[in-house]
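Novice: There's a structure below that I have some questions on.
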Amino acid sequence: MVKNFYPDKPVVPFQSVKVEMGSLILAIKASNLPVEVQRAVYIVIRNETANGRSVVNGTNPGGVQSDSGQWPDKWDTSIVATAVMTENRTGKERGFVVFDTLQNGINFMCERLQARGMYIGGTTKKITNFTVTTPTDLCKAYYCEWVEGDAQYHPSDDELNDFLSMYKQASTIFPAMI
């Protein structure tokens, strides 16, 4: 049985929903957050959804889990259900939150990445503690803080190269303001 930190929310069937990257990009831009936060969110969402092909129940683009603890209270009304699936990487059953809207799922990602310092100019806070100054640092922060939960993890060459390619694309999609 998967632990569920949202027992007051219904458990609904898990669905993997395709969402066009253009829609995700527009929703990220609507956050009006600093450009480096938007770039980081774009990359994380691309990684977590396989380029929009697998958004948890159509509203959770970050793979946000319901079995690892409760999220800040401000998200309680936006989290409307949970869903259980077998996680791709580990083969274990995991619980995921279902947001009321895709925009709120993206807003959650923007807020959480900013709060955790996972953007260029930020300082990581949960697993590691370093200032993110380059795209390579951002890659390490993502894998240590979001994917692995391990401060000692070092992204492989493939992970780093893929990440840097996505950062380059993000720089075009979310240009620096002059």
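The values are calculated or read from the model by the stated rules, or taken from the named source; none is laboratory data. Model, not experiment: these values are computed from the prediction. For accessibility, only protein heavy atoms count, side chains too; no ligands or nucleic acids. Shrake-Rupley method; radii C 1.70, N 1.55, O 1.52, S 1.80 Å.
Novice: Return the percentage of antiparallel bridges among DSSP beta bridges fully within the chain, rounded to the nearest 5 %.
Specialist: 90 percent
Novice: Below 20 Å, Cα to Cα, which aspartates and glutamates can Lys125 reach? Residues fewer than 8 away in the same chain don't count.
Specialist: Glu36, Asp73, Glu111, Asp137, Glu145, Glu148, Asp150
Novice: For region 58-178, just run the numbers: alpha carbon Rg, then divide by 2.2 N^0.38 Å, N being how many residues it has.
Specialist: 1.12
Novice: What part of the accessible area of region 32-178, given as a whole %, is carbon or sulfur when the probe is 1.4 angstrom?
Specialist: Its accessible area is 48 percent carbon and sulfur atoms.
Novice: Could I ask something else about it? Could you pull out every one of the aspartates and glutamates with an alpha carbon less than 12 Å from that of Lys3, ignoring same-chain neighbours closer than 8 positions?
Specialist: Cross-link targets: Asp67, Glu93.
Novice: Right, something else. Contact order normalised by length for region 52-174, with contacts defined as Cα pairs under 8 Å and 6 or more residues apart; what percent is it?
Specialist: It comes to 16 percent, rounded to a whole number.
Novice: Then there is this: Provide the solvent-accessible area of Ser156, counting protein heavy atoms only and rolling a 1.4 Å probe, rounded to the nearest 10 Å².
Specialist: 50 Å²
Novice: I'd like to check one number: the per residue accessible area of region 58-160, probe 1.4 Å, reported in Å² as a whole number.
Specialist: Heavy-atom accessible area per residue stands at 45 Å².
Novice: Next up: Once both axes come from the Cα atoms, what is the angle between helix 157-173 and the longest principal axis of the chain, in degrees from 0 to 90, rounded to 10?
Specialist: The answer is roughly 80 degrees.
Novice: Quick check on the chain: helices-only [θ] at 222 nm, where DSSP H runs of length 4 and up contribute -39,500 (n - 2.57) each and the sum goes over total residues. Nearest 500, please.
Specialist: Value at 222 nm, helices only, nearest 500: -11000 deg cm²/dmol.
Novice: If you split all Cα-Cα distances of region 17-124 into 5 Å bins from zero, what percentages do you get per bin, shortest first?
Specialist: Pair shares across the bins are 2, 13, 24, 25, 21, 12, 3, 0.
Novice: If you don't mind, another one. At 25 °C and 0.890 mPa s, what whole-number value in µm²/s does Stokes-Einstein give for the translational diffusion of region 1-71, with Rh from the Kirkwood sum over Cα pairs?
Specialist: The estimated diffusion coefficient comes to 184 µm²/s.
Novice: Taking region 110-162 as the region of interest, what is the percent of Cα-Cα pairs per 10 angstrom bin, listed from the shortest bin to the one with the maximum distance?
Specialist: 30, 58, 12
Novice: With every protein chain left in place, what is the accessible area of Asp158 in Å² (1.4 Å probe, nearest 10)?
Specialist: Answer for Asp158: close to 110 Å² accessible.
Novice: To continue, here is another question. Ignoring ligands and nucleic acids, what accessible area does Ile79 show with a 1.4 Å probe (Å², nearest 10)?
Specialist: 0 Å²
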